[in-house]
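The block underneath contains the structure these notes are about, expressed in structure tokens.
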Amino acid sequence: MKIEPLHQLRQVLLGAAVLASTLLGSATTQAQINEHSFRLSAGDPEDAPGPTATRRFAELVALRSGGKIEIKTFHSAILGSDVQMHGALAGGTMDFALVGAPTLVGLVKEFGVLDFPFLYRDAPQVHAMLDGPLGRKLLDRLGDKGLVGLGFWEIGFRNITNSRGPITRWEDLQGLKIRTVQSPVFRAFFNALGANAVPLPINEVFTALETRAIDAQENPVSIVAAQKFDEVQRYLSLTGHIYTAYALLASKQTWDGLNDEERSLIAQAAAEARDFQRALAREQNAALLVELERRGMEINEISAEERARFVDQAKTVIIKLTSDIGEAFVGEWMAELKTGRQLK
């Protein structure tokens, strides 16, 4: 169909008006963004999925702020452990931190529901819970502690490494000194299986394994490889017992000092970096399993029958932990999880 010259002119003028409006809006938005320089701390090594994605987050923030907002990232707990970061964020001496969600149980006990053993079928199921209203509810409860939750990222399903022998049934854990994250949920679970749970910050674990102060530790494959635990541990048993998330946090003092446009920009960058990080974590957990075997680790899976026995042992722990965490919130969480499963 032929377009008349007048119609063409109108189209050109309309396009110019839209472009001018877009440019004006962009300029207005940029004018509302102030210059800031922030710091972000992460506990894992530089090449692990978490710290890698914090750099993507910083890049996105810099790009969308026109270079006005700079976030300097630090890894390997150089600035302090996850628990130390809670206080630093609340006190305003740190701006952002990527911490293991289990460490937040000491601040908000309801975070313990995230660490219930053998509760989740796969990562997408967990993501639906973490990114849903109850996940948001958990993060919002950090506000009273001087923290702002920007979302959950992925550490992954945890497996056990040790220097004694393969874990093929839960009884193999008896007497094993195993490092866990600093969470009462983890301690309760492993102690119920007869192990001796030893809570330690991640940056102290390699030395503790090397000196045989502990026999074992448990983490996703990507963290095992990044922390080079294969150098001091021979056996890797794919138990997949607990899923663990990171939480990306901001200091409430820092957050309250931003305007609405700056907060929106940072929140959007955090969500995009989250998706990037989760994909990277899945990719590394799969690829590095092969690499760890090549490095000499002996890797074994748990049979379906023995996994069922692990699950039975975990049920008694969950019942006890439910009363500690709060039956109302745990009930709400379990009901939402059940609904999600039925929709599959």
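Give the residue, chosen from Leu289, Leu265, that is closer than 23 Å to Trp153 by Cα and in contact with a Lys or Arg (Cβ under 8 Å, 6 or more places away or on another chain). Full working, then the answer.
Working: Leu289 fails: in contact with a Lys or Arg (Cβ under 8 Å, 6 or more places away or on another chain).
Going through Leu289, Leu265 in turn, the sole match is Leu265.
Which of the residues belonging to region 174-217 are assigned to a loop (DSSP other than H, G, I, E, B), touching a residue at least 12 places away in the same chain (Cβ under 8 Å) and over 24 Å from Glu110 (Cα atoms)? Break it down stepwise before answering.
Looking only at region 174-217, we keep the residues that are assigned to a loop (DSSP other than H, G, I, E, B), and these are 174-176, 181-183, 193-195, 200-201, 211-215.
Within this subset, residues satisfying the condition of being touching a residue at least 12 places away in the same chain (Cβ under 8 Å) are 174-176, 181-183, 193-195, 200-201, 212-215.
Scanning region 174-217 gives Gln174, Gly175, Leu176, Gly194, Ala195, Arg212, Ala213, Ile214, Asp215.
If I ask for residues that are surrounded by 24 or more Cβ atoms within 10 Å (Cβ to Cβ) and assigned to a helix (DSSP H, G or I), which ones from region 33-51 would you list?
Residues satisfying the conditions are Pro49, Gly50.
Residue by residue through region 279-292, note down the ones that are charged (D, E, K, R), touching a residue at least 60 places away in the same chain (Cβ under 8 Å) and either closer than 19 Å to Tyr243 by Cα or part of a strand (DSSP E or B) (or both). Show your work before the answer.
Start the filter on region 279-292 by keeping residues that are charged (D, E, K, R), which leaves 282-283, 291.
Still in the list and also touching a residue at least 60 places away in the same chain (Cβ under 8 Å): 282, 291.
Correct list: Arg282 only.
Starting from region 49-72, take each residue that is farther than 15 Å from Ser37 by Cβ and list its partners that are surrounded by fewer than 15 Cβ atoms within 10 Å (Cβ to Cβ) and not acidic (Asp, Glu), counting only C-beta distances under 6 angstrom and pairs at least six apart or across chains.
So the pair list comes out empty.
Give just the number: which of (1) in contact with a Leu (Cβ under 7 Å, 6 or more places away or on another chain); (2) within 22 Å of Pro102 (Cβ to Cβ); (3) surrounded by fewer than 17 Cβ atoms within 10 Å (Cβ to Cβ) does Ala270 not satisfy?
The single condition Ala270 does not satisfy is (3).
Please specify each residue of region 46-93 satisfying the condition of being of a type in the set (Phe, Trp, Tyr) and in contact with a strand residue (DSSP E or B) (Cβ under 6 Å, 6 or more places away or on another chain). Can you show your working first?
From region 46-93, those of a type in the set (Phe, Trp, Tyr) are 57, 74; that's our starting set.
The one that is of a type in the set (Phe, Trp, Tyr) and in contact with a strand residue (DSSP E or B) (Cβ under 6 Å, 6 or more places away or on another chain): Phe74.
I need the full set of residues from region 71-102 which are farther than 26 Å from Pro184 by Cα and touching a helix residue (DSSP H, G or I) at 6+ places or on another chain (Cβ under 6 Å), in order please.
Residues satisfying the conditions are Ile71, Thr73, Gly92, Asp95.
Kindly list the number of the only condition in (1) in contact with a strand residue (DSSP E or B) (Cβ under 8 Å, 6 or more places away or on another chain); (2) surrounded by 20 or more Cβ atoms within 10 Å (Cβ to Cβ); (3) not in a strand (DSSP E or B) that fails for Ile160.
Exception for Ile160: condition (3).
Of the residues that make up region 223-230, is at least one of a type in the set (A, V, I, L, M), on the phi < 0 side of the Ramachandran plot, surrounded by fewer than 23 Cβ atoms within 10 Å (Cβ to Cβ) and modelled with pLDDT of 95 or more?
Looking through region 223-230, none of the residues is of a type in the set (A, V, I, L, M), on the phi < 0 side of the Ramachandran plot, surrounded by fewer than 23 Cβ atoms within 10 Å (Cβ to Cβ) and modelled with pLDDT of 95 or more.
Would you mention how many residues in region 293-322 are in a helix (DSSP H, G or I), hydrophobic (A, V, I, L, M, F, W, C) and over 22 Å from the mean Cα position of the chain (by Cα)? Give the derivation first.
Residues of region 293-322 in a helix (DSSP H, G or I): 293-294, 304-322.
Adding the requirement that they be hydrophobic (A, V, I, L, M, F, W, C) leaves 304, 308, 310-311, 314, 317-319, 321.
In the following step, the residues that additionally are over 22 Å from the mean Cα position of the chain (by Cα) were identified as 304, 308, 310-311, 314, 317, 319.
Residues flagged as in a helix (DSSP H, G or I), hydrophobic (A, V, I, L, M, F, W, C) and over 22 Å from the mean Cα position of the chain (by Cα) within region 293-322 amount to 7.
The values are calculated or read from the model by the stated rules, or taken from the named source; none is laboratory data. Everything numeric in this text was worked out from a predicted model, so none of it was measured. Neighbour counts are summed over all protein chains in view; Cβ atoms, including those assigned to glycine, are modelled from backbone coordinates with ideal geometry.
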